[in-house]
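J.: Sharing a structure with you now.
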Amino acid sequence: MPLARRWNLLNTLFLTGTLALALVAVPWRLATSGLRWSEALVCLGMVFAIGTAISGGYHRLFSHRAYRASKLVRFLFLCVGAAAFENSALKWSSDHRVHHQHVDTEQDPYAIQQGFWHAHWTWVMEDRTLPITGVADLEKDPLVQWQHRHHFLIGAVVATLPLWVGLVTGNLLGHLVFGVILRIVLTHHTTFLINSAAHVFGSRPYTDANSARDNWVLAPLTYGEGYHNFHHLWQWDYRNGALWYQWDSTKWLLNVLSWAGLVSGFRRVSAAAMTRARLQMEEKKLRERLLLASPGVATPMQERLAAARLKLDGALLALHERHETWQAKKADWRAQGLAKAEAWREAKADWKGAAQAHRAELRIAWAEWKAARLAVRSALVYA
């Protein structure tokens, strides 16, 4: 097949050309001049800023509408994100929404089933036109449309900022190599890892309905995007690393911006829903292991496991619904100016008592689930 028909020549030359330049220029520069602190700082600063603009802007804000942002934040994310040279936010979001809608199918633009390298980057180099679709909300945004029309020029201006540092410090070549060429390659391939490695390596604690995986190794390299199994189940959540100990630098930055009043409206899945999804997956894995045991062992264990999980699931749901109902009632009372009335204090005391009872039920349900889980594992050992 002719080259022009198989590959998009511009994308192919840009992606492979910057990589080839980096593979040659970076070792040569290190061998001849070493690495200066200003080169390292500028390179890492640009990598972090542009990667975060993709993660927090292109991905979580524009693709998934996971929160609301001020005009200033949207403008900065659009300008800085353009320097990733991964197309406009409008086109990026269109492709990404199609990916979520058709993940692991032929309609998925970067389906992992077509191979690791296809998902990683060759899908960008293929000579095919993916229409802009499913982004009517973004098409109404004047800032997004402005960036869509001028994204390459905007990106070029931002991407060449290290050259100004090079001019001031008298080290133009060093900042060209590390701050521009190497930075472009690092930005591309850290983003691409989510499409490839995060669909191959890692765990699936929340769902096995698709190939997306949680990978804590990828998280620091991708500004928190490594928890991909979580993301594919709750793509509208502004977090990727939802647990406190999980690395998600984009989430932390958005929290800071929220304190400053620049972003708002964070969308979050409840802790109860996360726990229930984990329990469902854990029960499924235990059931699969029980298939290896004899029917005499497996059947009673399966029944005990199902009963314990059902009880725990119900306790989690009841506590969550009680909490949500109370939050809505509290907001309503405050809006009416009744938050200090005697009836308010009585309602609050009743809620605390009910919540305490629900928590006691939850503790009992957790204990029964743990006992059932331990019984299954012991039965499998001695079966």
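J.: Nothing charged except the Cβ atoms of Lys and Arg (+1) and of Asp and Glu (-1): what's the magnitude of the dipole of the stretch 271-382 about its Cα centre? Round to the nearest 20 debye.
T.: For this selection, approximately 340 debye.
J.: Let me ask you something else. Report the FRET efficiency, 1/(1 + (r/R0)^6), for K140 and T299, where r is their Cβ-Cβ distance and R0 is 56 Å, rounded to 0.05.
T.: The pair K140/T299 has a calculated efficiency of 0.45.
J.: How big is the charge dipole of the chain about its Cα centre, in debye rounded to the nearest 20, if each Lys and Arg gets +1 on its Cβ and each Asp and Glu gets -1 on its Cβ?
T.: 840
J.: In nm, give the distance between the simple-model label positions of K330 and L310, each being 7 Å from the Cα along the Cα-to-Cβ direction.
T.: 3.4
J.: With r defined as the distance between the Cβ atoms of A209 and L130 and R0 fixed at 35 Å, what FRET efficiency is calculated, to the nearest 0.05?
T.: 0.90
J.: While we're here: When the chain is fully extended, how far beyond the present Cα-Cα distance does R289 get from F116, taking 0.36 nm per residue of separation?
T.: Value of the extension gain: 59.4 nm.
J.: Write down the Kirkwood hydrodynamic radius of the chain, to one decimal in angstroms, obtained as one divided by the mean of 1/r over all alpha carbon pairs.
T.: Result for the chain, one decimal place: 24.0 Å.
J.: Tell me, what is the FRET efficiency for L30 and D350 to the nearest 0.05, using R0 = 56 angstrom and their Cβ-Cβ distance as r?
T.: Plugging the Cβ-Cβ distance into 1/(1 + (r/R0)^6) gives 0.25.
J.: Beyond 22 Å, what percent of the Cα pairs of the stretch 163-252 remain?
T.: 38
J.: With the calculation restricted to Cα positions, what are the radius of gyration and Dmax of the stretch 271-382 in angstrom?
T.: Cα only, the stretch 271-382: 19.5, 64 Å (Rg, Dmax).
J.: Here is a follow-up. Quick one: Cα centre-to-centre distance for the stretch 243-308 and the stretch 16-78, in angstrom?
T.: Using only Cα atoms, the two centres lie 32 Å from each other.
J.: Taking a cut-off of 30 Å between Cα atoms, list the lysines near K284, but don't count ones fewer than 8 places away on the same chain.
T.: Partners within reach: K311, K370.
J.: For the stretch 142-293, what is the relative contact order in percent, using Cα pairs closer than 8 Å and at least 6 residues apart in sequence?
T.: 14
J.: How high is the relative contact order of the stretch 271-382, in percent, counting Cα pairs under 8 Å that sit 6 or more residues apart?
T.: Relative contact order here is 43 percent.
J.: Quick one: compute the contact order of the chain, relative version, from alpha carbon pairs under 8 angstrom and 6+ residues apart, as a percent.
T.: This gives 16 percent for the chain.
J.: As I understand it, the dipole of the stretch 229-379 uses +1 on the Cβ of Lys and Arg and -1 on the Cβ of Asp and Glu, about the Cα centre. Which of W234, A306, L290 lies farthest toward its positive end?
T.: Farthest along the dipole direction, towards plus: L290.
Read-outs throughout are calculated quantities, based only on the coordinates presented, and are distinct from any laboratory measurement. Computed from a predicted structure; not experimentally measured. All Cβ positions, glycine included, derive from the backbone under ideal geometry; neighbour counts span all protein chains shown.
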